[in-house]
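The values are calculated or read from the model by the stated rules, or taken from the named source; none is laboratory data. Quantities reported herein were computed from a predicted structural model and do not represent experimental measurements. Glycine gets a Cβ as well: all are built from the backbone with ideal geometry, and neighbour counts include every protein chain shown.
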């Protein structure tokens, strides 16, 4: 899903963008703060993150402008946290408020809650798979753990995707190779072993050395 970020502080803007990318969201960042509404109309995002203190016009103004056109959820994010600021954010059409400084996990939880309340399940099916702190981005094939990222090859991505979708169960080597063949990654038994070794090393570099377990004579599993 697409999220529009209207934030004047470059460091915070980049933090939000990277956090949302990690969770599989597409982001649009406002850079011309006198044309926020034009960007909104052009990009048609599913949610807007709006700072209050902005050049030209404040976030309350742009929230009012967006509300003239759309009921898209708007999440205010600001260091201004007086009761009047919170009241104003709601009165101008905001749906939630997060105070700076903020924890990225709280921000993502608020975003997901707003999306669940606004859209049907089929519209917000995740672009990521997450288990035990490991996040697999289904769009670009990258895998994340905390603040670290590893880029996977196509074969490594398919292997991890199969295992994470079947977490808690043992996936045989035969089933793994069949899944790879269906994805047009033609591998033999030795190639599977090589790719599994490389995938485990990348996960180990992220701090998840034992994420994939081998069950001798049976296959692989993620618990």
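Filter the strands (runs of 3 or more DSSP E) completely within the stretch 111-223 down to those with at least 1 residues that are under 30 Å from residue 97 (Cα atoms).
The qualifying strands (runs of 3 or more DSSP E) are 128-131, 134-137, 142-145, 148-151.
A single entry from 98, 87, 106 fulfils the requirement of being part of a helix (DSSP H, G or I) and more than 30 Å from residue 222 (Cα to Cα): 87. Flag set for residue 77, criterion: under 22 Å from the mean Cα position of the chain (by Cα), assigned to a strand (DSSP E or B) and within 15 Å of residue 20 (Cβ to Cβ).
The numbered conditions (1) touching a helix residue (DSSP H, G or I) at 6+ places or on another chain (Cβ under 7 Å); (2) touching a residue at least 40 places away in the same chain (Cβ under 8 Å) are all true for residue 8 except (1). For residue 137, indicate whether it is modelled with pLDDT under 90 and either in the same structural domain as residue 113 (by TED's automatic domain parsing) or within 30 Å of residue 27 (Cα to Cα) (or both). Here the answer is yes, as residue 137 does meet what is asked.
Among the criteria (1) over 18 Å from residue 21 (Cα atoms); (2) modelled with pLDDT of 85 or more; (3) touching a strand residue (DSSP E or B) at 6+ places or on another chain (Cβ under 8 Å), the one residue 110 does not fulfil is (1).
Taken over the stretch 11-30, the criterion of being within 19 Å of residue 114 (Cα to Cα), in contact with a helix residue (DSSP H, G or I) (Cβ under 8 Å, 6 or more places away or on another chain) and assigned to a helix (DSSP H, G or I) is satisfied by 16, 19, 20.
Counting the residues of the stretch 31-49 that are in contact with a helix residue (DSSP H, G or I) (Cβ under 8 Å, 6 or more places away or on another chain) and either over 13 Å from residue 77 (Cβ atoms) or outside the structural domain of residue 118 (by TED's automatic domain parsing) (or both) gives 5. Of 192, 163, 180, 206, all but one fail to be more than 28 Å from the chain's Cα centre (by Cα) and crowded, with 18+ Cβ neighbours inside 10 Å; the exception is 192.
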